[in-house]
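Report on the structure given below.
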Amino acid sequence: MAGSANGAADTIECDLLVIGSGGGALTAAVTARKAGLDVVVVEKQPVFGGTTATSGGMLWIPGNRHSAALQERLGETDTLDNARKYIIEEAGNYADIDRIDAYLKYGPEMIAFLEDNSHVRFDAAEYPDYNMDHPNAAKVRSLIAREYNAGKLGKHLRELKSELPQMLFFGFAIGSSVEMKQFFRAGRSPKAFAAVAGKMARHVVDTALHGAPRRVVRGRALITRLAQTLFELKVPILLSSPARELIVTDGGVRGAVVDTPNGARRILARRGVVLGSGGFPHDDKRRQQAYPANAYDGVRRSVANPGNTGDGARLAEQAGGVFSKEVSNAGAWMPTSVRPDVAGPAGVWPHLVDRLKPGFIAVGADARRFGNESAAYSAFVPMMLEAGAKQPMAFAWLIGDKRAVDKWGIGRVRPKPMPRRGFIRSGYLIEAPTLADLARKIGLDPEQLQQTVMRFNADARRGVDSEFNRGANAYDAYQGDDDYDGPNLCLGPLEKGPFYAIKMFPGEIGTFAGIRTDRYARVVREDGSPLDGLYAVGNDQLNVFGGAYPGAGATLGPGLTFGYVAARHAAGLIGEEAR
Ligand SMILES: Cc1cc2nc3c(=O)[nH]c(=O)nc-3n(C[C@H](O)[C@H](O)[C@H](O)COP(=O)(O)OP(=O)(O)OC[C@H]3O[C@@H](n4cnc5c(N)ncnc54)[C@H](O)[C@@H]3O)c2cc1C
């Protein structure tokens, strides 16, 4: 970074300006710096990390070196061609073959590059793809970011975005699905209890010594590792510095005007600008434009970073780029419930666990089940939207019996022995001694709800869901209850009261509609020609899977891949006209 050649105080010069500090943006910054470019990162919020910092830190990257090694150990076979067929069919009418091929080519390369050139490390995760009914789906394509010591950030530690408070257990961030299973088992298994007790003890010591735990996991570990690399490479991350408008000259993008705490700055970027501002989950106008009518009623039930207000799309349009809704799903959907007593994203709960376990069902306004509750979140919300097609705002009731709620909790309500009275008092959790009473409390037909549960219970006892085939494939089974002694790990009858209900709505963890780009992540015009000097990565970019969600890590996988691609292109290392 250098001062302006003409000495004007309000100008900063660099090779590449990166807007945003999530996974896509920081990967672009590391890649560009390692290619010898002078890089500046600007972040709108006073902390860096975006939604990525509060994410599960999983990346779906077929063909990556860790998954290949694990597949070999497990005796699984997979090929890039299999993954390609799977993606193309999942994307359906929205498949953009050129970009899909770029993703498959550069994804594994990006993983190797980051691990060889930065502090970023991944481990393979055994995590079935989200549509295991597809013949080309596989069980081992996802990676998870390895935990890290955030103390290494030194003075920058206080600038690291915090975890979502509702996802912590007494301040402890759960680091993997294996660890999560230990927590759920701790009340029943001495071995799991010992493991959890050890972790909590280390957490208490860590917190007591440092004021806040230094162990960071998942998405926060990924961001810490990327940022630590950047700080060592002397790349500045300017905080509280939103990019306001692009500087466009001679038909090309040459920088941006950024509002820093010290006033507006013109940041001139010789090789271009990377938009990585995280899509539009908190842009009301864009939501209205892109979401199905019954997915948004003016209330944002989003767990995505509040700073993601569609700035990237607005800036791209300013330069001649196109915001496109050509995807099957405009949002990276997540069924969510909202605590009436907690404002903002901290009050929103993503239903990642309860819904999929034995002893829970979901019903619509007609008190009937409408789909497979054990389906991935990305598939479950479209079922909610379809079931609630005639409602102004789609919703579903998640219902569980005492045994299930004691074991798994429900929504933000933790398992036994954690208290639940406060949630009942606030109206978040509805409790009733019988199903008929529960139905009356939540405005459903009591007769119908009892019939629905009776039929489901009969199916659960046989282990076969005659309505929606729940628990029949490897994804469902993976999400079920390993310790369950019934014939199907996902199906458990709802038998003993009290019964509980929580209202779920369509929400999201990110957005899929976005800026149209080419295989090098260049923003393109309406006619498909690339704009010189403007790239879009992460959720700013129109989703490469056409709005489908093929497996765990399907937003960060492409997000980081195209961050890598954009930077390599800007550095002249790839592209038709590689300099
Ligand atoms: C609980 C949870 C778990 C998740 N788990 C996973 C997972 O395991 N795997 C997966 O693939 N996905 C997961 N997701 C989704 C994933 O986190 C997001 O899709 C992803 O992080 C988006 O990355 P990004 O780089 O596009 O944007 P972000 O990480 O959101 O970063 C964008 C940044 O840009 C900043 N910004 C916005 N406007 C401006 C501006 N004008 N100027 C400067 N900066 C600006 C924002 O403040 C923000 O910091 C999860 C999400 C949640 C909430």
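The values are calculated or read from the model by the stated rules, or taken from the named source; none is laboratory data. None of these values were measured; they are calculated from a predicted model. Positions of Cβ are generated from backbone atoms using ideal geometry, with glycine treated the same way; all protein chains shown enter the neighbour counts. What goes into the accessible areas is simple: the full protein's heavy atoms, side chains included, and nothing from ligands, DNA or RNA. Shrake-Rupley method; radii C 1.70, N 1.55, O 1.52, S 1.80 Å.
Filtered by the rule that a residue be of a type outside the set (Lys, Arg) and either farther than 19 Å from residue 384 by Cα or in a helix (DSSP H, G or I) (or both), the stretch 282-302 gives 282, 283, 284, 288, 289, 290, 293, 294, 295.
Annotation note: Cβ proximity below 6 Å between a residue of the stretch 404-418 that is buried (at least 17 other Cβ atoms within 10 Å of the Cβ) and a residue that is aliphatic (A, V, I, L, M) (sequence gap 6+ or interchain) occurs for 410/502; 411/502; 413/429. When restricted to residues that are more than 11 Å from the ligand (Cβ to nearest atom) and in contact with a Ser or Thr (Cβ under 9 Å, 6 or more places away or on another chain), the stretch 157-167 contains 3.
Within the set 42, 47, the sole residue that is within 16 Å of residue 266 (Cβ to Cβ), modelled with pLDDT of 95 or more and within 9 Å of the ligand (Cβ to nearest atom) turns out to be 42. Considering 322, 338, 257, 253, the condition of being without any contact (Cβ under 8 Å) to a residue 40 or more places away in the chain and among the hydrophobic types (A, V, I, L, M, F, W, C) is satisfied by 257 alone.
Looking at the stretch 308-321, which of the residues that are assigned to a helix (DSSP H, G or I) and more than 6 Å from the ligand (Cβ to nearest atom) is most open to solvent (accessible area, probe 1.4 Å)? Among those that are assigned to a helix (DSSP H, G or I) and more than 6 Å from the ligand (Cβ to nearest atom), it is 314.
Could you please let me know if residue 339 is surrounded by 23 or more Cβ atoms within 10 Å (Cβ to Cβ) and out of contact with any Leu (no Cβ under 6 Å at 6 or more places or on another chain)? In short, no. Of the residues making up the stretch 180-197, one or more are part of a helix (DSSP H, G or I), hydrophobic (A, V, I, L, M, F, W, C) and in contact (Cβ under 8 Å) with a residue 60 or more places away in the chain. Considering only the stretch 232-251, I want to know if a residue exists there that is surrounded by fewer than 17 Cβ atoms within 10 Å (Cβ to Cβ), at pLDDT 95 or above and touching a helix residue (DSSP H, G or I) at 6+ places or on another chain (Cβ under 6 Å). There is at least one residue in the stretch 232-251 that is surrounded by fewer than 17 Cβ atoms within 10 Å (Cβ to Cβ), at pLDDT 95 or above and touching a helix residue (DSSP H, G or I) at 6+ places or on another chain (Cβ under 6 Å).
Rundown of residues vs (1) outside the structural domain of residue 44 (by TED's automatic domain parsing); (2) over 30 Å from residue 95 (Cβ atoms), yes/no style:
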{"residue": "245", "(1), (2)": "no, yes"}
{"residue": "250", "(1), (2)": "no, yes"}
{"residue": "259", "(1), (2)": "no, yes"}
{"residue": "267", "(1), (2)": "no, yes"}
{"residue": "273", "(1), (2)": "no, no"}
{"residue": "293", "(1), (2)": "yes, no"}
{"residue": "303", "(1), (2)": "yes, no"}
{"residue": "319", "(1), (2)": "yes, no"}
{"residue": "324", "(1), (2)": "yes, no"}
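Annotation: of all residues in the stretch 252-266 being more than 12 Å from the ligand (Cβ to nearest atom) and over 15 Å from residue 13 (Cα atoms), the one that is least open to solvent (accessible area, probe 1.4 Å) is 252.
For (1) at positive phi; (2) over 25 Å from the mean Cα position of the chain (by Cα), each residue gets a yes or a no:
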{"residue": "174", "(1), (2)": "no, no"}
{"residue": "177", "(1), (2)": "no, no"}
{"residue": "198", "(1), (2)": "no, yes"}
{"residue": "243", "(1), (2)": "no, no"}
{"residue": "246", "(1), (2)": "no, yes"}
{"residue": "255", "(1), (2)": "yes, yes"}
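I'd like to know if the stretch 420-429 contains one or more residues that are at pLDDT below 95 and not assigned by TED's automatic domain parsing to the domain that holds residue 131. There is no residue in the stretch 420-429 that is at pLDDT below 95 and not assigned by TED's automatic domain parsing to the domain that holds residue 131. Of all residues in the stretch 532-543, those satisfying the criterion of being more than 14 Å from residue 279 (Cα to Cα) and crowded, with 24+ Cβ neighbours inside 10 Å are 533, 534.
For the residues 305, 329, the requirement of being in a loop (DSSP other than H, G, I, E, B) and either hydrophobic (A, V, I, L, M, F, W, C) or within 10 Å of the ligand (Cβ to nearest atom) (or both) singles out 305. Under the condition of being under 22 Å from the mean Cα position of the chain (by Cα) and outside any strand (DSSP E or B), which residue from the stretch 499-531 is surrounded by the fewest Cβ atoms within 10 Å (Cβ to Cβ)? Only one residue fits best here, namely 516.
Restricting attention to the stretch 71-87, the residues that are crowded, with 17+ Cβ neighbours inside 10 Å and touching a helix residue (DSSP H, G or I) at 6+ places or on another chain (Cβ under 8 Å) add up to 4. For residue 290, indicate whether it is over 20 Å from residue 540 (Cβ atoms), open to solvent by 10 Å² or more (accessible area, probe 1.4 Å) and modelled with pLDDT of 95 or more. No: the conditions fail for residue 290. Quick one: is residue 55 in the same structural domain as residue 246 (by TED's automatic domain parsing), of a type in the set (Ser, Thr, Tyr) and either in contact with a Leu (Cβ under 7 Å, 6 or more places away or on another chain) or open to solvent by 30 Å² or more (accessible area, probe 1.4 Å) (or both)? For residue 55, the condition - in the same structural domain as residue 246 (by TED's automatic domain parsing), of a type in the set (Ser, Thr, Tyr) and either in contact with a Leu (Cβ under 7 Å, 6 or more places away or on another chain) or open to solvent by 30 Å² or more (accessible area, probe 1.4 Å) (or both) - is met.
A residue that is open to solvent by less than 10 Å² (accessible area, probe 1.4 Å) and either β-branched (Val, Ile, Thr) or modelled with pLDDT under 95 (or both) cannot be found anywhere in the stretch 457-480.
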